[in-house]
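The values are calculated or read from the model by the stated rules, or taken from the named source; none is laboratory data. No experiment lies behind these values; they were computed from the predicted model shown. Cβ coordinates were reconstructed from backbone atoms using ideal geometry, including for glycine residues, and neighbour counts include every protein chain displayed.
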Amino acid sequence: MDGRLVGACYSAAAAGCTCVDGLIVDEAFRNRRVATSLLSHVTELAKGSLVFLHADAQDTPKDLYEKLGFTVADRLYEYLCTDLSKYSDC
């Protein structure tokens, strides 16, 4: 934003699955759709793949993940979403 790196995430894809990890947003830019934009971009790149989001139990934006359609896949707090396109108003 405004020429600054304000957020990032890591993703890796193999065998029809994409894993998203390391989502981070500068505190000064939170609640400005940065995380939503990053997750939407990754899922668009992963079109046709099963997308997993890896997050820990204390991960702050758990509500955001759920709002975007991710659901808890197991007790390790990995979230699963196959399509963010239906959540374009987020």
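Summary table below
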{"read-out": "The range 19-55, residues that are within 11 Å of the chain's Cα centre (by Cα) and farther than 16 Å from Leu68 by Cα", "value": "Gly22, Ile24"}
{"read-out": "Search result, residues across the range 1-18 that are of a type in the set (A, V, I, L, M) and in a strand (DSSP E or B)", "value": "Ala8, Ala12, Ala13, Ala14"}
{"read-out": "Selection within the range 8-24 - of a type in the set (Gly, Ala, Ser), touching a Cys at 6+ places or on another chain (Cβ under 7 Å) and under 12 Å from Ala46 (Cβ atoms)", "value": "Ser11, Ala12"}
{"read-out": "Selection from the range 1-12 of residues that are in contact (Cβ under 8 Å) with a residue 24 or more places away in the chain and within 14 Å of the chain's Cα centre (by Cα)", "value": "Gly7, Ala8, Cys9, Ser11"}
{"read-out": "Options Ala8, Ala57, Ala28; residue that is modelled with pLDDT of 85 or more, hydrophobic (A, V, I, L, M, F, W, C) and exposed (fewer than 10 other Cβ atoms within 10 Å of the Cβ)", "value": "Ala28"}
{"read-out": "Any chance Leu38 is among the hydrophobic types (A, V, I, L, M, F, W, C), assigned to a strand (DSSP E or B), surrounded by 10 or more Cβ atoms within 10 Å (Cβ to Cβ) and in contact with a Cys (Cβ under 9 Å, 6 or more places away or on another chain)", "value": "no"}
{"read-out": "In the range 60-90, the residues that are at pLDDT 70 or above, of a type in the set (A, V, I, L, M) and either outside any loop (DSSP other than H, G, I, E, B) or over 18 Å from Ser11 (Cα atoms) (or both)", "value": "Leu64, Val72"}
{"read-out": "Output for the range 12-63, where each listed residue is under 24 Å from Met1 (Cα atoms) and among the basic types (Lys, Arg)", "value": "Arg30, Arg32, Arg33, Lys62"}
{"read-out": "So Asp21, is it among the acidic types (Asp, Glu), exposed (fewer than 14 other Cβ atoms within 10 Å of the Cβ) and not in a strand (DSSP E or B)", "value": "no"}
